[in-house]
Amino acid sequence: MMARSARRRDRIELRATPEEKRLLSQAAAYQRLDVTGFIMRAALPAAREAVEQAERIVLTERDTARVLELLENPPEPSPALLAAGRRRRTSP
């Protein structure tokens, strides 16, 4: 739950049909919330899950083995990588 000291100042506008608005208002009242609280309670967990899924990398067993192998035995740097490192050191 959000701390009381963190105030909601930003606005999100939402378009709804009269029936959708009535339904949201009724549901919020049943849960003793205002419509904003009702929508936020439902939307924030879904938003967190969507972000988590988008940012999570899932590797196959083969890919996991390859990553571990590369971490344990990194390849020699290529000439292009070495040149990029030299340029990076000399740039302001």
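Expressed as a whole percent, the accessible area of the chain that falls on carbon and sulfur atoms is 56 (1.4 Å probe).
In a DSSP loop and with at most 12 other Cβ atoms within 10 Å, the GluC sites (Glu not before Pro) in segment 1-85 are Glu13. When the Kirkwood radius is taken over all Cα pairs of segment 31-92, what Stokes-Einstein diffusion coefficient follows at 20 °C and 1.002 mPa s, in µm²/s? Rounded to a whole number, D works out at 128 µm²/s.
Heavy atoms of the protein chains alone define the surface here; on that basis the chain has 100 Å² accessible area per residue at 1.4 Å probe size. The figure for Asp10 is an accessible area of roughly 150 square angstrom, using a 1.4 Å probe on the protein chains alone.
Applying both filters, DSSP loop and at most 11 other Cβ atoms within 10 Å, to the trypsin sites (Lys or Arg not before Pro) of the chain gives Arg4, Arg7, Arg8, Arg9, Arg11, Arg15, Arg32, Arg56.
The values are calculated or read from the model by the stated rules, or taken from the named source; none is laboratory data. Just so it is clear, the structure is predicted and the values come from calculations on it, not from any experiment. Every residue, glycine among them, receives a Cβ derived from its backbone with ideal geometry; neighbour counts consider all protein chains shown. Accessible surface areas use protein heavy atoms only, side chains included; no ligands, DNA or RNA. Shrake-Rupley method; radii C 1.70, N 1.55, O 1.52, S 1.80 Å.
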